[in-house]
Amino acid sequence: MKYDVAIVGAGPVGTTLAALLAKRGLSVVVLERDLDIYPLPRAAHLDAETARNLREIGGWLDTPGWSIANEGMDFISGNGELLLRMSSKNNPDHTVAQSNLFHQPSLDRLLRDRAAHFGAEFRLGHEVTAIHDTDDGVCVDIVTGDGSTSVEASWLIGCCGARSFVRRALGVSQIDLEFNEPWLVVDIIVTGDDPNPPQRAAQVCDPVRPHTIISMPAPRRRFEFMLLPGESPDDINRPDVIEKLMEPYFALGNAEIERSAVYTFHGLITREWRRGRVLLAGDSAHQMPPFLGQGMCSGIRDAVNLAWKLAAVIHGADDSLLDTYQPERSPHVQRIVESAVGFGRIICTLDPAVAAERDRNMLAARAANPTDIGEAPQPSLSGSSLVVEGAGYVVSDGRLDGVVFDEILAGRWTVVVADKSVLTAADLAYLARVDAQVLVARPEQVTRRVLDNAQTDAVVVRPDRIVLGAGRQGLDALARAIDEFALVP
């Protein structure tokens, strides 16, 4: 059997992509080296956009014990002074919290179940060893516990992590933002009393040893400690050392260590995300320090951006549509990586004099303006004809007649208008070609907010909930895109 798409890697990015593609009617196989999900937590944070992206495939829960809303992040000096407070300002009109903390193995299991529900096939214990181009696709060589085999697909997507086999097989290089810091990550399970669990993450900017404290869904908690110059993973990743590091915050008598591991935090952007019928997504395409909690979020955005375009190509659109993927996603993620690296350089300061000067400046700024700052908004997409200047942002969250707006969007082209009279006969003909739905805005509904945010009478929304453009510019840009890429539903 030849599949439409083969995906290497069954982590959250690869599995989300598999679900999105299978939901669109494609034959998908996911090739994963391991026999089961990684049983211990790694990623911990999802923003509202990512939660909405996962909800499209039934992959997001906000039930107690599965996820919790994070109130924000504090930056604290080594002396315990509050240097900066970032607050997650959750809007009651929105359907998901702005910042969420979750347990990754639970998410991984749910995503695999949802992908399988839509018809994606998982081949576990299948390690990819070689990739070959064919006349109309890709052939993948695989080693299993029972020997070797191969899989053919029209398209191959590498979602195989930081050490991506697919990226190495393509021979593409990476842009190094020169941030390489080893940190010890410790996950604990609280077994005793925990009367006041923290509701906010904390970045402790202590030059003695920078560290991070993250609340997790009960009964878990996460701590991260920077390795100091000259320390090795074996020096710090020991129960006695961990107990001493955690002593100011939590006595291990009330908890057990679920996992401890040393990771080197990097800032990397892969230079080439597509070569022929092979593409990269997630950590295969970019890596970032965790200080903004955007690593997995960025990978999920890759999957959502790529899914509708790849499905359209397989259903008959021109494959040049896929050449909009990297120009849209790479600059967006590079800005996030650069921001995360910038925060990392602030947090990871070890020189006491430099840290003292940093603290004085940040305390003075807070004294002059004690108002909490909001979490930095995500950059808008740009870089392709599928985004008009001034657009490229995620469409508003909310409800329409009590129904979650994303359920009404349902991965379709959508045009929100003040009145149908703004659409010409030519507009309607183009919208019919991509089976776009037209929603007329009504007072006190999310559709009205969509128009108000753009200050216009028409907004064009792509299948990935990204606003293509507003007003006549947006409608004309959609018509051009339909012609340029031979777009299909």
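With K and R counted +1 and D and E -1, the other residues having a Cβ less than 11 Å from that of PRO289 yield a net charge of -2. Surface listing: ASP36, ASP74, ASP372 arranged by accessible area from highest to lowest gives ASP36, ASP372, ASP74, probe 1.4 Å.
Helix content alone sets the calculated 222 nm mean residue ellipticity of the chain: runs of n ≥ 4 DSSP H residues at -39500 (n - 2.57) each, divided across all residues, give -9500 deg cm²/dmol.
Taking the DSSP bridge list for the chain and keeping only pairs wholly inside it, about 70 percent are antiparallel. Entry note, the chain: relative contact order of 16 percent, from Cα contacts under 8 Å with a spacing of 6+ residues.
Does the range 402-467 classify as rounded, prolate or oblate by the C-alpha gyration tensor (a ≥ b ≥ c root eigenvalues; a/c under 1.5 gives rounded; else a/b over b/c gives prolate, otherwise oblate)? Because a/c hits 1.5 or more and a/b fails to exceed b/c, the range 402-467 counts as oblate. If you take all other residues with their beta carbon under 13 Å from the beta carbon of ILE131, and give Lys and Arg +1 and Asp and Glu -1, the sum is 0. The share of accessible area on the range 289-346 that comes from carbon and sulfur is 51 percent, using a 1.4 angstrom probe.
Measuring with a 1.4 angstrom probe and ignoring ligands and nucleic acids, ASP108 comes out at about 10 Å² accessible.
Taking the 1.4 Å solvent-accessible surface of the range 384-489 as the whole, the part contributed by carbon and sulfur is 50%. About its Cα centre, the dipole of the range 150-211 is roughly 260 debye, where the only charges are +1 on Lys and Arg Cβ and -1 on Asp and Glu Cβ.
Here is what passes the span test in the chain: the DSSP H helices with alpha carbon length of 27 Å or more along the helix axis and a Kyte-Doolittle mean of -1.0 or above are 295-314, 325-347. With only Cα atoms counted, the range 218-261 has Rg and Dmax values of 10.9, 35 Å.
ILE373 sits among other residues whose Cβ lies under 11 Å from its own Cβ, and their net charge, with Lys and Arg +1 and Asp and Glu -1, is +1.
Computed extension length for ALA410-ASP136: 95.6 nm, one decimal, from 0.36 nm per residue of separation with the Cα-Cα distance subtracted. Relative to the Cα centre, the charge distribution of the chain, modelled as +1 at Lys and Arg Cβ and -1 at Asp and Glu Cβ, gives a dipole magnitude of about 660 debye. Measuring between their Cα centroids, the range 48-76 and the range 412-489 lie 29 Å from each other.
For the range 22-93, with only Lys/Arg (+1) and Asp/Glu (-1) charged at the beta-carbon, what is the dipole magnitude about the Cα centre, in debye rounded to 20?
That gives a dipole near 260 debye.
When the Cα gyration tensor is reduced to axis lengths a ≥ b ≥ c, the ratio a/c is 1.5 or higher for the range 271-417, and with a/b not above b/c it is classed as oblate.
When the Cα positions of PRO219, GLN203, LEU280 are compared along the charge dipole of the range 186-310, LEU280 comes out farthest toward the positive end, with charges on each C-beta of Lys, Arg, Asp and Glu. Label sites at ASN79 and ASN453, each approximated as a point 7 angstrom past Cα along Cα to Cβ, lie 4.3 nm apart.
Seen through its C-alpha gyration tensor, with square-root eigenvalues sorted a ≥ b ≥ c, the chain comes out oblate because a/c lies at 1.5 or above while a/b is not bigger than b/c. Distance from the C-alpha centroid of the range 291-365 to that of the range 380-404: 18 Å, rounded to the whole angstrom. Rolling a 1.4 Å probe over the protein chains gives PHE165 an accessible area of about 50 Å². For the chain, the solvent-accessible area works out to 41 Å² per residue, with a probe of 1.4 Å and every protein chain left in place.
Per atom type, the range 20-158 shows carbon and sulfur on 47% of its accessible surface, probed at 1.4 Å.
The values are calculated or read from the model by the stated rules, or taken from the named source; none is laboratory data. Values in this document were obtained by computation on a predicted structure and should not be read as measured data. Please note: Cβ atoms are built from the backbone with ideal geometry, for glycine as well, and neighbour counts cover all protein chains shown. Each accessible area value is taken on the protein alone, full model and side chains, heavy atoms only, with ligands, DNA and RNA left out. Shrake-Rupley method; radii C 1.70, N 1.55, O 1.52, S 1.80 Å.
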